[in-house]
Structures are given as structure tokens and as C-alpha cells.
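Colleague: Got a structure for you, written out below as C-alpha cells; questions coming shortly.
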């Protein structure tokens, strides 16, 4: 299955990119990559191309296809980072030793109200995580998931939780 | 922040992943508390930064891409120089004993390049067809190189790609040495690295294919086909029809192994139509070889024989001894089916000797079953006994699992008792084919 080396297409990079430039910009715009990150995303793609070009049959399609995929991965990484931030924030708040009992009680109550809006399997998993401190492998055992799939399930539930936090809007603001 | 609302800047930074931990905790706590106005503000930043519903970015209009290309000029020259010196570095490295190879890789930048890593891994893959143990050593050497690649020089994304590829090749080599558990662990290392890589669709597709082979070896056929389909889509996106074709051929092999001959033939024909014979003639050879067998098994003998003649010419042109041996095996089986038993006998005897010389226990044992079937048809009892008593014990010294050795012993006893029949030979043959990819439970002949 190894890709045999083919002579690199005689495509000087400058000519190739001059031709592709409008489409590269269109891809970055379509995926809404923030400008401050767009250069890095494109640079990584082009650097990869420079080192792998011998195994690439169609440089134009490779660069465009890989850039699109890179953009998708960029957003996937951003979402994962946000979910991890939300998760860590909740776990640390629940475990904060200097918090008065009343504060912890309030947090538990508020969290339960949010969790109750989620799909059933997420409710179960997140209650195990935040109330009982179950790590994913233990949660997998309790809920009958394979250990290899629990992390994916947890990520989906954290996504639901985060979406619920911003979709909330309809609950009366207790703080007035 | 106290009991007040987070300002918009903090909310935005949370969703952009740029808020310090302590502040993140406070903002999240506030949102959990159910503040409607802050949730509404957060929704805007969610859409702009996470859910791809914000306004399209327009970017700076002034030639930033041209500036980027100029900055990449140094890397372009470096990449070319690396490729030019990689072959020499490869020979120098492989001339060393294994322990010294690792030392050189760890201590010398000359052996810490993407180009060298690529060559070593390609060599590992090619070696898998001949000698899986050597393939594994080479893949592990490739992994050692990948781990030394400098992210400052290549960017993190490319170094992750190479590490992912190396792990996938280690996994593949483990599969070839029948360490399927080790292969699974290798892919578990590869995939997270790939997720942090460059997004190279060929890299993704390649690793999907390798995992597809593992699933095939594990006889998880549906999963294998799904993996190959995902790889096909990626190869198609980058416009590489040859690799699309190769993967279709792999898919065909999966269907064949699963016993679905019509789907297998369709996939093989579609794959063959896309293969570039100039680019990789052996891929065409493998596809035609597998198609011949299937056509014959489904009763399309004329088409099979026609393809056999075409393939013979291609084999002679390529001249790979192991491929020629396998082709001779195929010829022997077809000659046997067509009733040319004398010619089949000669061919199969030569094939068994060839596999034994190469210490390939399972193919030798499976070919011996084909020969036993011919002897039985020709009522050559003496040759059958010789096969059972002299040749079969040789397989015990080759890399055959204990249960397969027990099965061959049962076979020998059946020969001695003259109770051997075509049904038992067929069962043995199927059992040995399954055992070749993983240890099978004890062989139990059915009545």
C-alpha cells in the first residue's frame, strides 16, 4: 500500500499558490478561521506539503482538501478545549476546599437543574462524574460502556452540557 | 468578579480558549447559576467561536499569502536538501547494528528528518511482505526517528503526522507477526496523534487502510469494509484514483474472506479499472491474482483462465520470487479443478518446497492440503503417507500455533487409518487459513 515515489510534479510553490490563492482564502473564510490563526493553519498545511510532495499525485486537490480538513480539526480542537474548560471548572468548583457549605449546596442545585435538561444517558454519566467523582473507566464499568468508547460519550455529554449553559436563557435569574 | 456578571471580554475569551483557569471557573460557575442575560451574551460568542454560525472572516486583503510563501522559501530548500540526502543516510543507518542505529538516531540531527523517517517506514512496509520480524524492527526504527523530529523545524502538525504514521506501521508489522493485541495498542497510539496532525487526507486514509487490514485479520469484516470506504472517500477527495483503486481491491479481499464472492468480484473489478499499472504494477498483479481465484470459485472458469494467462506474463515481467510461488500455487489449484491432476501435483509439490525453504509454515501446510486432495483423487496412497509422515512434521518446526499442529496430527492419523476424505481435507484447509491470521480454537472435524 506504500505510495511509490513519483517524480515531484514540476510545480514551483509560488506558481501553485498564485493559482490557488483565491480558493485558499475562500476556504479559510468559509470555515470562519479567525485571521490571527489563519496564517498558522495555512502555514502548517504548506509546510506539510513541502515535506510530503513526492507522495502527492495532485498538489492542488491535496492542498485544498487538506486545508479544509485542517480547518475542521481546528474547530474540533477549539470545541474540545472549551468542553474541557467547562468540565475542569465544574470539577474544581465542586472540590474547592475553602468553599462554604452553602455555596457548594447552591452549585450542586444549579448544576442539577442544568443536567436535568440533558439526554438521559448524559444525566446519568455527569451525575456520576460530578456528584460521586467517578473517573471515566469506573463510569464505563457502572454504565456498561466499553472503556474505549466512554471518552467519546463523555465528550458528547460535555458538549450537551456546554450548549445547555448558553441555551439556558429562559431560567429566572436568581440574582436579579 | 464577585457576584457580578462577567464582562463581554471575559465571555469571549472563554469561548476562544484564552481565559486563565481561575477566571474560567468563575465564568462557568456564573453560567451554571442560570443567569439569562449572560447566557444570551455567551450564545453570541458560542456562535462566533464554536458553532460556525458567525460572520465569515474576510482576512487582511494585502498579500499575506505571498509573504507566507516567501517565508517558506527556506523550508522549501531544506526539504529538498533532506530528500536528496535521505537515501545515503538510510544506507548508512541500516549498515549499523540495531542498538547502534537507535544511538545514531538519538544523537545526530542528520538522522532526525522527515525524509529519512519516510524512507524507513516505506522500507518497513515493503519488508512486511517478505519478513514480518524485520518489518517490525524497521517500523520501530521509524518510530524512534519520528519521536526525534524537531517541532520547531517542522511544525507540531507534521511531527504528529509522522509519529502517527510510525505507530500505524508498528501496529501493522505487529499484525503481520500475529500480535493482534499489540497491533490494537499501536493504533490506539496513532489515532490521537493523527487528530493533532496536519489534516493530510492521504495520511488519514493510509492509517484507515492499515486499521482495515487489522479488522480483516480479526475477521471483523463489516468494520474492515467501513474503514476502507472511509479511506476511499479521502483518496477520492485528493484526486488519487490509483489509491482509490488499491483500496477497492482491499475491500474486495475483505468481501472474499467474508464469503461474499459477488461483492468481492465487483470491488476487485472497480478497483482494477482505477489502478495505474505504470505507477505500481504489483498492485495490478495482486488484484488480478485475487480476481482469478474468485472467478473460478463462482464458476466463471473461462474468465478466470483468460486472466490467468494475462497475469502469468505480468508475473514474469515483475519477477518477484514469492509472488511467482503464490501464482504457481494458484495455477496448481486451477489445474486440479480442471482435471489436470498430474500437472497439478507437480506444481503443488514445488510450491510446498518453496514455502518450506522460506520457513512459511501456514502457506506450506495449506498448500499441502491442496496436494492431499489431488493425491486422494489419484489414489496415490504412498505419496499421501509420505506427505503425512515426512512433510507435515516439518511444519511443526515452523511458526505454526500449537492447535494447528494438533490438527495436522489428526490429519496424519486419518491418512494412516485410510479414513481421509475430501470433506476432512476441506475442513482442515479452512481451519489452517483461519489459524494463519490468529490462533483458532481446537480443530474439531465434523461428521
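The values are calculated or read from the model by the stated rules, or taken from the named source; none is laboratory data. Small disclaimer: the values here were computed from a predicted structure and weren't measured. Counting neighbours? That spans all protein chains shown, and the Cβs are built from the backbone with ideal geometry, glycine included.
Colleague: Restricting the search to the range B:11-22, which residues are touching a helix residue (DSSP H, G or I) at 6+ places or on another chain (Cβ under 6 Å) and in a helix (DSSP H, G or I)? It would help to see each step written out before you state the result.
Modeller: Here is the first cut: in the range B:11-22, the ones touching a helix residue (DSSP H, G or I) at 6+ places or on another chain (Cβ under 6 Å) are B:11-12, B:14-17, B:19.
Residues satisfying the conditions are B:11, B:12, B:14, B:15.
Colleague: List pairs: first in the range B:65-83 and in contact (Cβ under 8 Å) with a residue 12 or more places away in the chain, second part of a helix (DSSP H, G or I), Cβ under 7 Å, 6+ apart or cross-chain?
Modeller: Close Cβ pairs satisfying both conditions: B:79/A:50; B:79/A:51; B:82/B:114; B:82/B:115; B:83/A:54; B:83/B:115.
Here is a yes/no grid of residues against (1) within 14 Å of chain A (Cβ to nearest Cβ); (2) assigned to a helix (DSSP H, G or I):
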| residue | (1), (2) |
| --- | --- |
| B:203 | yes, yes |
| B:222 | no, yes |
| B:229 | no, yes |
| B:233 | yes, yes |
| B:244 | yes, yes |
| B:255 | no, yes |
| B:259 | no, no |
| B:264 | no, yes |
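Colleague: Is there a residue in the range B:50-61 that is within 40 Å of the chain's Cα centre (by Cα), touching a residue at least 24 places away in the same chain (Cβ under 8 Å) and surrounded by 14 or more Cβ atoms within 10 Å (Cβ to Cβ)?
Modeller: yes
Colleague: Out of everything in the range B:354-370 that is over 22 Å from the mean Cα position of the chain (by Cα) and in a loop (DSSP other than H, G, I, E, B), what residue ends up being modelled with the lowest pLDDT?
Modeller: The residue in question is B:359.
Colleague: Now for a different question. Could you give every pair whose Cβ atoms fall below 6 Å, whose first residue belongs to the range B:306-317 and is under 15 Å from residue B:282 (Cβ atoms), and whose second residue is modelled with pLDDT of 85 or more and surrounded by fewer than 17 Cβ atoms within 10 Å (Cβ to Cβ), counting only separations of at least 6 or pairs across chains?
Modeller: B:315/B:324
Colleague: To continue, here is another question. Considering only the range A:1-30, state which residues are facing another protein chain (nearest Cβ under 7 Å), modelled with pLDDT of 90 or more and surrounded by 16 or more Cβ atoms within 10 Å (Cβ to Cβ).
Modeller: Passing the criteria: A:24, A:25, A:28, A:29.
Colleague: Could I ask something else about it? Please determine, by comparing only the residues of the range B:141-154 that are touching a residue at least 40 places away in the same chain (Cβ under 8 Å) and buried (at least 22 other Cβ atoms within 10 Å of the Cβ), which one is farthest from residue A:41 (Cα to Cα).
Modeller: Applying the filter and picking the extreme gives B:141.
Colleague: A further question on this structure: Of the numbered conditions (1) crowded, with 20+ Cβ neighbours inside 10 Å; (2) more than 12 Å from chain B (Cβ to nearest Cβ); (3) at pLDDT below 90, residue A:166 fails exactly one; give the number of that condition.
Modeller: (2)
Colleague: Residue B:371 - would you say it is without any contact (Cβ under 8 Å) to a residue 60 or more places away in the chain, surrounded by fewer than 19 Cβ atoms within 10 Å (Cβ to Cβ) and farther than 22 Å from residue B:298 by Cβ?
Modeller: For residue B:371, the condition - without any contact (Cβ under 8 Å) to a residue 60 or more places away in the chain, surrounded by fewer than 19 Cβ atoms within 10 Å (Cβ to Cβ) and farther than 22 Å from residue B:298 by Cβ - is not met.
Colleague: Ok, one more. What are the residues in the range B:107-122 that are away from every other protein chain (no Cβ under 14 Å) and under 17 Å from residue B:139 (Cβ atoms), if any?
Modeller: B:111
Colleague: Run residue A:105 past the list (1) part of a helix (DSSP H, G or I); (2) modelled with pLDDT of 90 or more; (3) more than 9 Å from every other protein chain (Cβ to nearest Cβ) and report the number of the one that doesn't hold.
Modeller: (2)
Colleague: Any idea which of B:185, B:193, B:138, B:176 is surrounded by 24 or more Cβ atoms within 10 Å (Cβ to Cβ) and within 14 Å of chain A (Cβ to nearest Cβ)?
Modeller: B:138
Colleague: Considering only the range A:118-127, I want to know if a residue exists there that is modelled with pLDDT under 90 and assigned to a helix (DSSP H, G or I).
Modeller: Narrowing the range A:118-127 to residues modelled with pLDDT under 90: none.
Looking for residues that are modelled with pLDDT under 90 and assigned to a helix (DSSP H, G or I), one finds none in the range A:118-127, hence no.
Colleague: Residue by residue through the range B:126-135, note down the ones that are within 14 Å of chain A (Cβ to nearest Cβ) and either touching a helix residue (DSSP H, G or I) at 6+ places or on another chain (Cβ under 6 Å) or closer than 14 Å to residue B:99 by Cα (or both).
Modeller: Passing the criteria: B:127, B:128, B:135.
Colleague: Here is a further query. In the range A:50-67, what count of residues is obtained for those that are more than 14 Å from residue B:240 (Cα to Cα) and either more than 24 Å from the chain's Cα centre (by Cα) or within 7 Å of chain B (Cβ to nearest Cβ) (or both)?
Modeller: 3
Colleague: Of the residues that sit in the range B:17-36 and are under 44 Å from the mean Cα position of the chain (by Cα) and facing another protein chain (nearest Cβ under 8 Å), which one is nearest to residue A:106 (Cα to Cα)?
Modeller: Ranking the candidates gives B:24 first.
Colleague: Under the condition of being within 7 Å of chain B (Cβ to nearest Cβ) and either buried (at least 17 other Cβ atoms within 10 Å of the Cβ) or under 30 Å from residue A:29 (Cβ atoms) (or both), which residue from the range A:85-98 is farthest from the chain's Cα centre (by Cα)?
Modeller: A:93
Colleague: Same structure, new question: Please enumerate the residues belonging to the range B:332-352 that are modelled with pLDDT under 90 and in a helix (DSSP H, G or I).
Modeller: Answer for the range B:332-352, where residues must be modelled with pLDDT under 90 and in a helix (DSSP H, G or I): B:333, B:334, B:335, B:336, B:337.
Colleague: Whether any residue in the range B:402-409 is surrounded by 14 or more Cβ atoms within 10 Å (Cβ to Cβ), within 23 Å of residue B:336 (Cα to Cα) and at pLDDT below 85 is what I want to check.
Modeller: yes
Colleague: Residue check: is residue A:110 at pLDDT 90 or above and facing chain B (nearest Cβ under 9 Å)?
Modeller: Here the answer is no, as residue A:110 does not meet what is asked.
Colleague: Does residue A:82 satisfy the condition of being facing chain B (nearest Cβ under 7 Å), crowded, with 21+ Cβ neighbours inside 10 Å and farther than 25 Å from residue B:66 by Cα?
Modeller: So residue A:82 fits the description; yes.
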